[in-house]
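Please treat every number below as a calculation from the coordinates, not as lab data. What you are looking at is a predicted structure, and each value in this text was computed from that prediction instead of being measured. Reconstructed Cβ throughout: ideal geometry from the backbone, glycine too, with neighbour counts over all protein chains shown.
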Amino acid sequence: MHLLQSLFIIEDSDTLLNNSIDESVFKRNSTHIYIDIGCFDGETVEHFIYFTPNSILYDIITFEPDPINYQLCKKKLKQKQFENYSITIIPKVVWLRNEKVPFLINHGENSRIQLTEIDAQNVVMLNGIDFSSWLSRLVKSENTRLHIKVSMPGSEVPVLRKLLIEDKLLLAERWDVQWTDRYNPRIRALRIYIQSMMDSIGFSCDHYTRIPDVRDVYRKKGTFEHIVKYADWRLIPEADTYCYYIQRPTVTDPPRTTRLKLKSKKDKE
């Protein structure tokens, strides 16, 4: 059921309140969901609402653990223009397990999970969630239209890897992924493997866009068609670049998990 009143977390430090908000999203039985991982100041949510047809139908859930970014996001999304949208802001780190995660704060859109000791004075331990398990609880119907945007510098690879292993990628029909550290030799092979597997299980990389281009079209009140689409990410900078993955039509037919899909295929044979 779609909520017509925006929902916000008021006290970051109140564990009970945070947990109750986390649990509330599981009770909605939403048919349209947009998840923004790493929403920074709320700009990408603003763009989603503007460029997506019938965006009012979506329950919007954002994750922004950096305290300053969280306040920026909340301030933007509490504006009058968003008052009829269902928006939940969760100040937790999307991660592999439910545990404390070292997080580099006070770096704006470059705030990130920080597993090394670089800039230790700005690294704090924040609450992380097992996103794969959380997502499986959230999506209750195979007919749910789920769109997920991922912007978590340096950590998108392990999170997407876990989703791939646990057959959760196909819960979403669309992924907008900001691939970072693309030439980092420590994660490059795994990143290429995940990209290849996304194609293998039924996602097409439709195009790439850059936030500056999207921002420019938004300011000019243009449409999604006016945004520049790139076919080769090697020709554009890494920063602020998103890859748009869309499920190919045959993949959306139930069952919507890889193992069940393979089992169904074997049964037919």
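Between the listed residues Cys39, Thr250, Trp134, the Cα displaced farthest toward the positive end of the dipole of region 15-268, a dipole computed from Cβ unit charges relative to the Cα centre, is found at Thr250. Annotation for region 58-133: GluC sites (Glu not before Pro) lying in DSSP loop with at most 10 further Cβ atoms inside 10 Å of their Cβ are Glu117. Taking other Cβ atoms within 10 Å as a rough exposure proxy, Tyr193, Tyr85 sort from fewest to most as Tyr193, Tyr85.
Ratio of Rg to Rh for region 15-268, alpha carbon only, Kirkwood? Computed over Cα atoms, the ratio is 0.94. Neighbour counts of other Cβ atoms within 10 Å put Met125, Met152, Met197 in the fewest-to-most order Met125, Met197, Met152. A Förster distance of 22 Å, applied to the separation of the beta-carbon atoms of Thr52 and Lys75, puts the FRET efficiency at 0.50.
Which of Lys74/Lys168; Lys140/Lys162; Lys27/Lys74; Lys27/Lys149; Lys80/Lys221 have a Cα-Cα distance over 27 Å? Lys74/Lys168, as the Cα separations exceed 27 Å there.
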